[in-house]
Amino acid sequence: MAISPEEHPQKAFGWAARDSSGILSPFRFSRRHEIVGVVTKTGNNVDKFKVGDRVGVGVIVGSCMKCETCQQDLENYCPRTIFTYNSHYHDQTKTYGGYSDIIVVHHRYVLRFPDNLAPDAGAPLLCAGITVYSPMKYYGMTEPGKHLGVAGLGGLGHIAVKIGKAFGLKVTVISSSPAKEDEATKRLGADSFLLLSDPAKLKGAMGTMDYIIDTVSAVHALAPLIGLLKLNGKLVTVGLPNKPLELPIFPLVLGRKLVGGSDIGGVKETQEMLDFCAKHNITSDIELIHMDYINTAMERLAKSDVRYRFVIDVANSLTQ
């Protein structure tokens, strides 16, 4: 992984994670971000990293660096954000992301990857981890003892459970799948499990949660989730349904509740998240694959047959 103060991303090296919510690309596969590798070269003006350092590259590889959001270390909200894949650099060069042997990235968007985080299981934190960590911090969903609901137990949800527990929260997984109860409580450590299709349990849980982080990417009803919140409760959505969701207003007004959204995080906050996860031994649950398994992985993704990320071992794939 080469780091430069001026060059643009061309190719990629390292561990490239992939999930079910792909974006169209020139390839059959997409989601070429969440990259972890080793620095192989640095530009003359780079002093933050040296050859041999373990580093990561997440969702973004560029921004204008000058606007108000960039000055606040919120590069992900910059109007000129450049994504790691399926985007265009300032000179209109297309970005292709992490499925190759080297990537050249401006040093501002490179992250120091903690030594005690496994590169494969830690790679998905560069997107999934920051996607749930950032709203928890911004919306104050970090007070020990408070009750956090996690809607959806997938690539984002399972990490939200782990981070929520690390913050000292009581965590309830909210799901429409009864098969996920043991996974949530016995393996991931959630305090409880709430099945949305169980009217009695749903009714009993109304008004019990301080916060809910909604990771569901399919079209779904918000009313039950809003009903689960206490007075002044907060529902934050990070899933991306492809159609608008219906938002009931009366429950918001009568409970002084908040519905908000959030998108990944800036580079500074992403580094904070990585260090937090390293401290609390938080990684993603993954299945490590080689390049020749990609088409099979895509077929399994279409069936939601992954717990919870496929991670491609690019370096070892190239030596096969």
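Other residues whose C-beta falls under 14 angstrom from the C-beta of GLY255 contribute a net charge of +3, scoring Lys and Arg +1 and Asp and Glu -1.
Residues of segment 193-220 with an amide N closer than 20 Å to a point placed 7 Å from the Cα of TYR139 along the Cα-to-Cβ direction: 193-196, 205-220.
Shown here are the Rg and Dmax of the Cα trace of the chain, at 19.7, 64 Å. Entry note, the chain: the mean residue ellipticity at 222 nm calculated from DSSP H runs of n ≥ 4, each adding -39500 (n - 2.57), is -6000 deg cm²/dmol after division by the residues and rounding to the nearest 500.
Computed from backbone phi with θ = phi - 60° and the Karplus coefficients 6.51, -1.76 and 1.60, the 3J(HN,Hα) list for segment 210-217 is 7, 9, 9, 10, 9, 9, 6, 9 Hz; x is used for glycine and proline. What whole number of Å gives the distance from the Cα centroid of segment 203-236 to the Cα centroid of segment 254-275? Centre-to-centre (Cα) distance: 17 Å. Once the Cα-Cα distance is subtracted from the 0.36 nm per residue extended length, the GLU68 to ALA179 segment shows a gain of 35.4 nm. Between the residues LEU74, ILE249, GLY52, the greatest Cα displacement towards the positive end of the dipole of the chain, with unit charges on the Cβ of Lys, Arg, Asp and Glu, is found for ILE249. Rounded to the nearest 0.05, what FRET efficiency do LEU231 and SER197 give with R0 = 41 Å and r taken as the Cβ-Cβ distance? Could you check? Once the sixth-power term is evaluated, E becomes 0.95.
Between helix 128-138 and the chain there is an angle of about 60 degrees, using the helix long axis and the longest principal axis of the Cα atoms. Available extension along the chain between PHE250 and MET206 is 14.3 nm, counting 0.36 nm per residue and deducting the alpha carbon span.
Relative to the longest principal axis of the Cα atoms of the chain, the long axis of helix 267-279 lies at roughly 70 degrees.
Under the classification rounded if a/c is under 1.5, otherwise prolate if a/b is larger than b/c and oblate if not, where does segment 97-182 fall, given a ≥ b ≥ c as square roots of the Cα gyration tensor eigenvalues? It comes out prolate by the Cα gyration axes.
Just in segment 72-147: which chymotrypsin sites (Phe, Trp or Tyr not before Pro) are loop by DSSP and have at most 12 other Cβ atoms within 10 Å? In loop regions of segment 72-147 (DSSP not H, G, I, E or B), there are no sparsely surrounded chymotrypsin sites (Phe, Trp or Tyr not before Pro). For the chain, the relative contact order is 20 percent, taking Cα pairs closer than 8 Å that sit 6 or more residues apart in sequence and dividing their mean separation by the residue count.
Using Cβ point charges alone (K and R +1, D and E -1), the dipole size of segment 129-261 about the Cα centre works out to roughly 220 debye. For the chain, DSSP calls about 40 percent of its internal beta bridges antiparallel.
Every number here is computed from the coordinates shown, using simple stated rules; none is lab data. Quick caveat, the model's predicted, so the values are computed rather than measured. Counting neighbours? That spans all protein chains shown, and the Cβs are built from the backbone with ideal geometry, glycine included.
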